[in-house]
Amino acid sequence: MEAYDEGVATAMARANEVFGRLTNAVEALVNEAPAEPIDLLAVSRDAGLQLNEAVLDRLQLPRIVYPLTWLPWYQWWPYEPLWCWWWRQSYPWYRCCPYMLVRRSRWDATEHAA
């Protein structure tokens with residue numbers, strides 16, 4: 001079990017590194033020009049994600065994202081689909097990304113409570 005924990009820890013550290021770069025890039029763009037649209041493909045590639053138009057189409061994401069400056073970036077930036085796509089590309093043997101496991105369990109609890 002210890003080897004598995006080490007593998008997940010390594011994967012999460014790598015994810016934090018990649019998405020930390022993405023966070024910094026998005027925040028820098030919004031700080032420089034808050035009213036300017038952001039090219040999701042360009043900024044994601046600069047952060048280290050190997051995206052292309054086909055991936056955006058499959059994830060049903062627009063190429064141009066308009067910042068909503070009165071909200072934190074993570075509420076208007078398509079973080080979750082990018083995270084899960086990256087996780088499936090980088091670590092397919094873990095089956096599901098840890099982020100979605102947390103989100104799924106919360107969703108399931110809400111669904112069953114109604």
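Determine whether the stretch 34-46 contains at least one residue that is buried (at least 18 other Cβ atoms within 10 Å of the Cβ), in contact (Cβ under 8 Å) with a residue 24 or more places away in the chain and part of a helix (DSSP H, G or I).
The answer is yes; a qualifying residue exists.
Examine the stretch 21-39 for a residue that is modelled with pLDDT of 95 or more and touching a Lys or Arg at 6+ places or on another chain (Cβ under 9 Å), and state whether such a residue exists.
Scanning the stretch 21-39 turns up at least one residue that is modelled with pLDDT of 95 or more and touching a Lys or Arg at 6+ places or on another chain (Cβ under 9 Å).
Filter the stretch 53-95 down to residues that are within 27 Å of A35 (Cα to Cα) and basic (K, R), then give me how many there are.
Residues flagged as within 27 Å of A35 (Cα to Cα) and basic (K, R) within the stretch 53-95 amount to 1.
The values are calculated or read from the model by the stated rules, or taken from the named source; none is laboratory data. None of the values given here were measured: they were computed from a predicted structure. All Cβ positions, even for glycine, are placed from backbone atoms using ideal geometry, and neighbour counts span all protein chains on display.
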